[in-house]
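Just so you know, all these numbers are worked out from the coordinates, no wet-lab data involved. Being a predicted model, the structure only gives us computed values, none of them experimental. Cβ placement follows ideal geometry from the backbone for every residue including glycine, while neighbour counts extend to all protein chains displayed.
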Amino acid sequence: MKRWIIIAVFVVLGILHQDFWNWSDSSLVFGFLPKGLAYHAGYSIVAALFWAAVVIYAWPTQLEEWAEKGESEDNK
């Protein structure tokens, strides 16, 4: 189940990254920041939080344990 949620969020973030609706909008956010740049700043924060959550909740710990076990056997 986790895998499908991660894939779905990844696809949605990929679609939202295109932001074609902001291409011709020249309005400013906070009086100095172009709307498209503000959108991408927020998008970057959301993407970073998403990947942090993926690392925390979906990291393959069994694979990491396997790699560390193999490494310790090589040192003997």
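Points to keep in mind about this one:
- Within segment 12-53, being within 22 Å of residue 2 (Cβ to Cβ) and surrounded by fewer than 11 Cβ atoms within 10 Å (Cβ to Cβ) holds for 14, 15, 48, 49, 52.
- Across segment 29-48, a minimum of one residue is classified as touching a helix residue (DSSP H, G or I) at 6+ places or on another chain (Cβ under 6 Å) and hydroxyl-bearing (Ser, Thr, Tyr).
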